[in-house]
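Working notes for the structure below.
The values are calculated or read from the model by the stated rules, or taken from the named source; none is laboratory data. None of these values were measured; they are calculated from a predicted model. Cβ sites come from the backbone with ideal geometry, for glycine too, and all protein chains shown count toward neighbours. These area figures cover heavy atoms from the full protein model, side chains too; ligands, DNA and RNA do not enter into them. Shrake-Rupley method; radii C 1.70, N 1.55, O 1.52, S 1.80 Å.
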Amino acid sequence: MTDSLPDASKRLYGRRKGRPLRKRKTELLDTLLPALQIPAIQPDERIDPHALFPNPVRDVWLEVGFGSGHHMAWQAANNRDVGVIGAEPFINGVAGLLKLVDDEGVQDNVRVLPDDARPLLDALPDASIGRAFVLFADPWPKKRHWERRFIGPANLPRLSRVLKDGAELRLASDDMGLVRWMLEHTVKHPDFEWTARGPSDWRHRSEDWPPTRYEEKAIEAGRKPVFLRFIRKPRG
């Protein structure tokens, strides 16, 4: 993969690999990942997301940067008629998701791009995604790195294009600088409407929004996560 992507000259993620993997996760990278992996996306390629799955699905959801995969695997296990696709460059996170997918038996409705999400977004058809998640993304706290934050001027148009009318965009972070940044850019984007009507709407998750391991660690450290939900406004 290269960092010279359209309208984004710098990568939006950190390291690609962490500590050595346990045997089972290493084996799953060799055995399960090839069956679930979205092939490398070529310039100007177009992908039918429904065609990625062996059985018909009523909708397709997308998670950008799924971390260790707990949220994505939960959504797949609790919505087996939905195809869930996720992009994650961190190979340890991909291995973590594969273990959860194997444990839950959701191989048929999960597909994975172990790479940057932007080429995938560019390859998806207009209005093809019913729900998108960007949860606890890297906050890039230094000002000189703010342009690397995923939710911002470069990627909100990408998300707007692929989301169906009425589709939900879910964002979460425990970093207040990033929360303010995401709110500022998403609220002022003409295609998104913030659904919050009161403080409880951003302080608490809905029942169909499970906690992630990162969220639990943030709470243990005394940080309070914020949960943001936006609706893609109807076109025209």
Those residues of segment 96-118 which are under 14 Å from the mean Cα position of the chain (by Cα), crowded, with 21+ Cβ neighbours inside 10 Å and farther than 12 Å from residue 76 by Cβ amount to 113, 114, 116, 117, 118
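Kindly indicate whether any position in segment 35-52 is outside any loop (DSSP other than H, G, I, E, B), open to solvent by 20 Å² or more (accessible area, probe 1.4 Å) and farther than 19 Å from residue 129 by Cα. Even if it seems obvious, please write down each step before you answer.
Of all residues in segment 35-52, those outside any loop (DSSP other than H, G, I, E, B) come to 35-37, 49-52.
So of that shortlist, the ones also open to solvent by 20 Å² or more (accessible area, probe 1.4 Å) come out as 35, 37, 50-52.
Adding the requirement that they be farther than 19 Å from residue 129 by Cα leaves 35.
Looking through segment 35-52, at least one residue is outside any loop (DSSP other than H, G, I, E, B), open to solvent by 20 Å² or more (accessible area, probe 1.4 Å) and farther than 19 Å from residue 129 by Cα.
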Quick one: in segment 183-210, of everything that is in a helix (DSSP H, G or I) and among the charged types (D, E, K, R), which residue is surrounded by the fewest Cβ atoms within 10 Å (Cβ to Cβ)? 188
Where residues in segment 119-133 are charged (D, E, K, R) and not in a helix (DSSP H, G or I), which of them is farthest from the chain's Cα centre (by Cα)? 126
Cross-chain or 6+ apart pairs with Cβ under 6 Å, segment 193-210 first and of a type outside the set (Lys, Arg), then loosely packed, with under 14 Cβ neighbours inside 10 Å: 194/187
Report, ordered by the first and then the second residue, all pairs with beta carbons closer than 7 Å, sequence separation of six or more or different chains, a first member in segment 211-236 that is surrounded by 14 or more Cβ atoms within 10 Å (Cβ to Cβ), and a second member that is of a type in the set (D, E, K, R) and assigned to a helix (DSSP H, G or I). 225/215
Looking for something under 24 Å from residue 226 (Cα atoms) and at pLDDT 95 or above - is there at least one such residue anywhere in segment 88-99? yes
